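Trainee: Attaching a single structure in structure tokens format; questions to follow.
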Amino acid sequence: MTLDSKIPAGPLAEKWDNHRFQSKLVNPSNKRKYDVIVVGTGLAGGSASASLAELGYNVKTFCIQDSPRRAHSIAAQGGINAAKNYPNDGDSVWRLFYDTIKGGDYRAREANVYRLAQVSSNIIDQCTAQGVPFAREYGGQLANRSFGGAQVSRTFYCRGQTGQQLLLGAYSSLMRMVGVGKVELFTRREMLDLVVIDGKARGIIVRNLVTGTMERYVADAVVLATGGYSNVYYLSTNAKGCNVTASWRAHKKGAYFANPCYTQIHPTCIPVSGDYQSKLTLMSESLRNDGRVWVPKKKGDDRAARDIPENERDYYLERKYPSFGNLVPRDVASRNAKEACDDGRGVGPSKTAVYLDFADAIKRDGEDVIRQKYGNLFHMYHKITDEDPYKMPMRIYPALHYTMGGLWVDYNLMSSLPGLYVLGEANFSDHGANRLGASALMQGLADGYFVIPYTIGDHLATADLPKVSTDHEEFVKAEKEVSERQNKLLSINGKRTIADLHKELGLLMWDNCGMARNEASLKKALKKIPDLREEFWNNVKVPGSGEELNQALEYAGRVADFMEFGELLVSDALDRKESCGGHFREESQTEEGEAKRKDDDYSYVAAWEFQGVGKAPKLHKEELVFENVKLTQRSYK
Amino acid sequence: MSDTINLTLKLWQQKGPNEKGRFLTYEAKNISTHASFLEMLDVVNDELMEKGEEPIAFDHDCREGICGMCSLVINGRPHGPDGGITACQLHMRKFKDGETVWIEPWRAKAFPVVRDLVVDRGAFDRIIQAGGFVNVNNGGAADANALPIPKRNAEAAMDAAACIGCGACVAACRNASAMLFVAAKVSHLSFLPQGAVEKRERVLNMVKAMDEEGFGSCTNGGQCEAECPKEISVSNIARMNREYLAASLSSS
Amino acid sequence: MLKSSLGKKYVMSITGQLVCAFLVMHLAGNLALFAGKETFNKYAAMLEANKVLLYAAEAGLISIFLLHILTAIRLSLGNRAARPEKYAVYKASGEKRMASGTMIFSGLVILTFLVVHICQFKFTPRVGDTPTIYDVVQSYFAQPQWVIFYVSCIWVLSTHLFHGFQSSFQSFGLNHPRYTPMIKAGGALYAVSMCVGYTAIPIFMYLGKGG
Ligand SMILES: Cc1cc2nc3c(=O)[nH]c(=O)nc-3n(C[C@H](O)[C@H](O)[C@H](O)COP(=O)(O)OP(=O)(O)OC[C@H]3O[C@@H](n4cnc5c(N)ncnc54)[C@H](O)[C@@H]3O)c2cc1C
Ligand code: HEM
Ligand code: FES
């Protein structure tokens, strides 16, 4: 099968209009004859469910939490971008497009990104109409801030809870549609397999997490919006329930997985404090506007921060990047922190942290000014670490935060499996090798509110979709496979806890395929993951039964999928012998140690086809064509 | 100062909604004071599993105080002894060595126990479904700046909208009343011109749904506000009382 | 509207406030006791003079009380049913937990008190040793056990008022950053004044007799 991205012809700015015009429509009175399954109720799934139901489709929506409002999108803090140009500072659709393409290190499709920038404004309008309480100026107009190093102020926000408010907006629309009977909502359900009939996605198998029963659902199209896979690294800023299961099972059923090695590591997280640690907490990167990053010059320096004199400190970012200093992009800041720690100059009990020091800022502006700007964050840091950042420097360390890779989709957001659509963080589409701050929320909502409602109709109107029932043999087969796998997990009764094995996988991934990767480390990981997977399947302990609420069983299933998926991620990283965005291959760097892209060889999307567990996946390349932007190397010196 | 403590835990165990529950007494040893409360439970559960016993089920997800999933009554207080935070943000340094810690689920008829410490909060979703939205279809919304909103109102709306739907208000209320939750949504939307249009129908429908779920009524005791991890004010309840009265008197 | 939980609270609030107002009038009238036997008996006679008005007022009061009490019982039963399984440990902190958590109990104490009170002062025959209402009052308040009974009931009533007065504003939606603290202070002042006023009567009557 060759990959057809279905990018519409014509000038960039007209592609989306032309495409919408050319797509087949489903007659309004016929829409109620179509059933659509949406898995996930985050920004992407919630907005898609609501929009499709409003159009008249019968929607069945699933999530693993007890309520759709708890999807992980709720945790996003900073904001959402849109090319509104309200501050009149020179923003435009084109500039947002350009920034996103460049920020993604030229590894995303121009057409998709342009469309994203085009619809960004509608998102803000739509959310405002729903009652999302965006921050406002005294005149009553919407407020903007600049975010993630952008030169214009285009980020809309609701205090530090933007994701929450946007998600509650989508959730309220979704619940409204549940109320009128257009959406049937299934909470505490986990999708465990995709059902493919005659080459088309036609249904899913889910486990009812309360009763443990397997349930079958049939539809004319399936939409996955199940979020990212950061938790393959065990420790990340993601919620505990975030998983790759739905995507991975779809991948095993034929959907290609694109660019899994593009992962984003956020530099300002609260470091690990012990082996009981279950997740990492992100602190807004705005802290780097006033904080100075440093480590001691001497290795293994055990003195308290305040006892280390100025001349024995290494403000390494300011030293290496005089013009950007502490404000270098996320990946550069992260990598340098790692280097310092690897060099034995890390601080704190675990020696894997660097200082983020506000002493100078406090001396300059006074504690009150700093409190006004960062009071919340300082408070959160204090609660978690019991250390007062007004008195001693914060300790920070990078953590896995976002995954740009995901299931491969075409311009219509349809995967390589007809009838299977993928939205939000679960797809690979818009961020290339690196995502800009405040762009994930934008993408999730763009996909759900403004893309899928148009593109799904074309498939429903043109594909041959005979009626099938849940008694179809493919349903029976899929359910049987899922049940068998579950029974196997329950019967191992080994010695190791699930978390223990998950931690081991996470550490393996982090050490060998984390902030910096090289051929040797990747090969090592590729060798070790299958062994660990085997250990998992022989020695994990999963208590209880399958016929009840069993959180350990749920977790075991997810970790089992990470054990397979991790291998794909590493294979992809090994294949890509260039550094780009969040993917830093040590072999591919400039003399000064900066990332070096190799556009001639790697300007493609790597879409992987599943060949069997433990078998090398098959690579399909989608060449990226840049007609509108000129490719340049990033430099922050 | 020692960095670890020992605790006696009283953990609520209940197989299902219709089964009788009981407390499991568990001696938790060498708990790091830097661990979060849920991490402490993780450790306990791992130990239980290693011993071949079933772990205690509890809800959690984001572990940073925003998803509203975690729901533990710790020593008689929803989300535990520290104010303005959720159970997942609570740290073990708030406990003394040798202390006995009681851990119970949200207790309310409208929140039946699913298992152990996990309860079913579907009632909240059904209340939102009854009216906690603006009746606006996707597409065709006017420019976001077409309707200026006084900063004060936007901030007040945001204060109310900060609710994470965890249900601590119900758990804390002596009557298991859901007034603070419902009032927060009613207030959030009626503070904004977009939502004010249908404020009458909204408050009538949401209160009706709330009453049908079997929550108690409000005696204005203020436990909800005191225990709310987002410190949402009971002034929202007054606002809802006002709007409900106006809506009832003017509806046909 | 009155079927809803909020509707019932409006009933509680209005009836409660009306009774609060009655308490003030009742106290004001009863202060006549301090002016001596004659004044008080005159005041009582005046109240009893117009039978129509008296019955109307009594009927009104009784219905207000009944409404308040019946609604209170319905609400309280509903509230208990809302939490079938109690907490083993319950320490949720509200600002006025004591008073607000015991409304039904203080209410029931008040109810008992009312019954006793009415039996004593309305239905004690005014003959023999106690030919006038003043004598009736005096005879009861000469007995320390009744003084203690009255004083304690009024204490309980005051806790009811302490929470109830300000709560009824909230129930009607009157909450404002500037005025709510005043209402709360007003409620406390009201409860304390009622407490002082009403307890003063038995105590002074008792002391008056002794001294
Ligand atoms: C701490 C943090 C802060 C962030 N801040 C920002 C920010 O400021 N700006 C920004 O733009 N982005 C931010 N991001 C990124 C952004 O929040 C996410 O990328 C985005 O919200 C993902 O949305 P989604 O709808 O794709 O997935 P999610 O919100 O993760 O939703 C996934 C849904 O899928 C369901 N699901 C998952 N698996 C299954 C299954 N097997 N079966 C059934 N259902 C399933 C879940 O229940 C859930 O409903 C942040 C991320 C984090 C972690
Ligand atoms: C002197 C007599 C009384 C006065 C002045 C009085 C006054 C009040 C007031 C002002 C309220 C507050 C209403 C609100 O919150 O909106 C109230 C509540 C209440 N009253 Fe009374 N009351 C009296 C007698 C009684 C009696 C006899 C009962 C008997 C059972 C009673 C039971 C209650 C209860 C249970 C509440 C709380 C209702 C709730 O908020 O759930 N009261 N009262
Ligand atoms: S786990 Fe999300 S709020 Fe506690």
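Trainee: Let me confirm something: among A:394, A:404, which residue is within 24 Å of residue A:264 (Cβ to Cβ) and more than 23 Å from the chain's Cα centre (by Cα)?
Mentor: Working: A:404 fails: more than 23 Å from the chain's Cα centre (by Cα).
Going through A:394, A:404 in turn, just one is within 24 Å of residue A:264 (Cβ to Cβ) and more than 23 Å from the chain's Cα centre (by Cα): A:394.
Trainee: Where the second residue is within 12 Å of ligand 1 (Cβ to nearest atom) and the first is free of Cβ contacts under 8 Å to residues at least 40 places away in the same chain and lies in the range A:233-253, which pairs have Cβ atoms under 8 Å and are six or more apart or on separate chains?
Mentor: A:240/A:231; A:240/A:279; A:240/B:61; A:240/B:62; A:240/B:63
Trainee: Separate question: Six or more apart or on different chains, Cβ atoms under 8 Å: show the pairs whose first residue is in the range A:152-173 and among the aromatic types (Phe, Trp, Tyr) and whose second is part of a helix (DSSP H, G or I) and more than 15 Å from ligand 3 (Cβ to nearest atom).
Mentor: A:156/A:124; A:156/A:162; A:171/A:46; A:171/B:128
Trainee: Go through the range B:39-63 and count every residue that is crowded, with 22+ Cβ neighbours inside 10 Å and within 13 Å of ligand 3 (Cβ to nearest atom).
Mentor: Qualifying residue count for the region: 8.
Trainee: Only one of these is buried (at least 20 other Cβ atoms within 10 Å of the Cβ), touching an Asp or Glu at 6+ places or on another chain (Cβ under 6 Å) and within 30 Å of residue A:48 (Cα to Cα): A:438, A:478. Name it.
Mentor: Every option except A:478 fails the conditions.
Trainee: Tally time: how many residues in the range B:66-76 are surrounded by fewer than 24 Cβ atoms within 10 Å (Cβ to Cβ) and either at the interface with another protein chain (Cβ under 8 Å from one of its Cβ atoms) or within 16 Å of ligand 2 (Cβ to nearest atom) (or both)?
Mentor: Residues flagged as surrounded by fewer than 24 Cβ atoms within 10 Å (Cβ to Cβ) and either at the interface with another protein chain (Cβ under 8 Å from one of its Cβ atoms) or within 16 Å of ligand 2 (Cβ to nearest atom) (or both) within the range B:66-76 amount to 2.
Trainee: Which of the following residues is touching a strand residue (DSSP E or B) at 6+ places or on another chain (Cβ under 8 Å) and over 30 Å from residue A:586 (Cα atoms): A:460, A:490, A:501?
Mentor: Values: A:490 fails: touching a strand residue (DSSP E or B) at 6+ places or on another chain (Cβ under 8 Å); A:501 fails: over 30 Å from residue A:586 (Cα atoms).
Checking each option against the conditions leaves just A:460.
Trainee: Now for a separate question. In this structure, does residue C:118 turn out to be within 14 Å of another protein chain (Cβ to nearest Cβ) and either β-branched (Val, Ile, Thr) or not in a helix (DSSP H, G or I) (or both)?
Mentor: Against the criterion (within 14 Å of another protein chain (Cβ to nearest Cβ) and either β-branched (Val, Ile, Thr) or not in a helix (DSSP H, G or I) (or both)), residue C:118 does not qualify.
Trainee: Mind listing whichever residues of the range A:272-285 are within 20 Å of residue B:90 (Cβ to Cβ) and not polar (S, T, N, Q)? Give the derivation first.
Mentor: Taking the range A:272-285 as the starting set, the residues that turn out to be within 20 Å of residue B:90 (Cβ to Cβ) are A:272-283.
Across the range A:272-285, the qualifying residues are A:272, A:274, A:275, A:276, A:279, A:280, A:282, A:283.
Trainee: Looking for whichever is under 21 Å from the mean Cα position of the chain (by Cα) and without any contact (Cβ under 8 Å) to a residue 12 or more places away in the chain here; the options are A:109, A:70. Which one fits?
Mentor: Criteria check complete, one pass: A:70.
Trainee: Pick out, from the range B:128-242, the helices (runs of 4 or more DSSP H) lying fully within it that include 3 or more residues that are within 14 Å of chain C (Cβ to nearest Cβ) and surrounded by 24 or more Cβ atoms within 10 Å (Cβ to Cβ).
Mentor: Correct list: B:168-172, B:179-190, B:199-212, B:223-227.
Trainee: Now, a different point. Can you report the number of residues in the range A:193-223 which are charged (D, E, K, R), part of a loop (DSSP other than H, G, I, E, B) and buried (at least 22 other Cβ atoms within 10 Å of the Cβ)? Step through it out loud before you land on a result.
Mentor: Start the filter on the range A:193-223 by keeping residues that are charged (D, E, K, R), which leaves A:193, A:198, A:200, A:202, A:207, A:215-216, A:220.
When the remaining residues are screened for being part of a loop (DSSP other than H, G, I, E, B), the result is A:198, A:220.
Retained after the next criterion (residues that are buried (at least 22 other Cβ atoms within 10 Å of the Cβ)): A:220.
Final tally of qualifying residues: 1.
Trainee: Next question, about the same structure. Considering only the range A:169-192, state which residues are more than 12 Å from ligand 1 (Cβ to nearest atom), within 11 Å of chain B (Cβ to nearest Cβ) and assigned to a loop (DSSP other than H, G, I, E, B).
Mentor: A:180, A:181
Trainee: Oh, and also: Would you check if residue A:295 is assigned to a helix (DSSP H, G or I) and away from ligand 3 (no atom under 16 Å from the Cβ)?
Mentor: no
Trainee: Take the range B:69-100 and flag every residue that is farther than 20 Å from residue A:64 by Cβ and either within 16 Å of ligand 1 (Cβ to nearest atom) or assigned by TED's automatic domain parsing to the domain that holds residue B:208 (or both).
Mentor: B:89
Trainee: For the range A:308-424, list the helices (runs of 4 or more DSSP H) that sit wholly inside it and hold at least 3 residues that are β-branched (Val, Ile, Thr); which are they? Quick ask: steps written out before the conclusion?
Mentor: Details: elements: A:316-320, A:330-340, A:359-365, A:367-385.
Result: A:367-385.
Trainee: Looking only at residues in the range A:318-338 that are farther than 21 Å from residue A:437 by Cβ and in contact (Cβ under 8 Å) with a residue 12 or more places away in the chain, which one is surrounded by the most Cβ atoms within 10 Å (Cβ to Cβ)? Full working, then the answer.
Mentor: Let us first name the residues in the range A:318-338 that are farther than 21 Å from residue A:437 by Cβ, namely A:318-320, A:322.
The next check asks that each one be in contact (Cβ under 8 Å) with a residue 12 or more places away in the chain; those that pass are A:318, A:320, A:322.
Working: A:318: 14, A:320: 19, A:322: 10.
Per the stated criteria, the residue is A:320.
The rows are residues; the columns are (1) within 16 Å of ligand 2 (Cβ to nearest atom); (2) within 14 Å of chain C (Cβ to nearest Cβ); (3) more than 19 Å from the chain's Cα centre (by Cα).
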residue	(1), (2), (3)
B:11	no, yes, yes
B:39	no, no, yes
B:51	no, no, yes
B:64	no, no, no
B:90	no, no, no
B:96	no, no, yes
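Trainee: Right, something else. Does at least one position in the range A:610-632 carry a residue that is touching a Lys or Arg at 6+ places or on another chain (Cβ under 6 Å) and crowded, with 18+ Cβ neighbours inside 10 Å?
Mentor: Yes - at least one qualifying residue is present in the range A:610-632.
Trainee: With respect to residue A:140, determine if the residue is away from chain B (no Cβ under 13 Å) and closer than 21 Å to residue B:155 by Cα. First the steps, then the outcome.
Mentor: Numbers: away from chain B (no Cβ under 13 Å): no; closer than 21 Å to residue B:155 by Cα: yes.
In short, no.
Trainee: Test residue A:441 against the stated conditions and say whether it is assigned by TED's automatic domain parsing to the domain that holds residue A:117, over 24 Å from residue A:621 (Cα atoms) and at pLDDT 95 or above. Outline the logic, then answer.
Mentor: Working: assigned by TED's automatic domain parsing to the domain that holds residue A:117: yes; over 24 Å from residue A:621 (Cα atoms): yes; at pLDDT 95 or above: yes.
Here the answer is yes, as residue A:441 does meet what is asked.
Trainee: Is one or more of the residues making up the range A:49-70 on the phi > 0 side of the Ramachandran plot and modelled with pLDDT of 95 or more? Steps first, answer last, please.
Mentor: Going through the range A:49-70, the residues on the phi > 0 side of the Ramachandran plot turn out to be A:56.
If we keep only those that are modelled with pLDDT of 95 or more too, we end up with A:56.
Looking through the range A:49-70, at least one residue is on the phi > 0 side of the Ramachandran plot and modelled with pLDDT of 95 or more.
The values are calculated or read from the model by the stated rules, or taken from the named source; none is laboratory data. Because the structure is predicted, anything quoted here is derived from the model rather than measured. Virtual Cβ from ideal backbone geometry, glycine too; neighbours counted across all protein chains shown.
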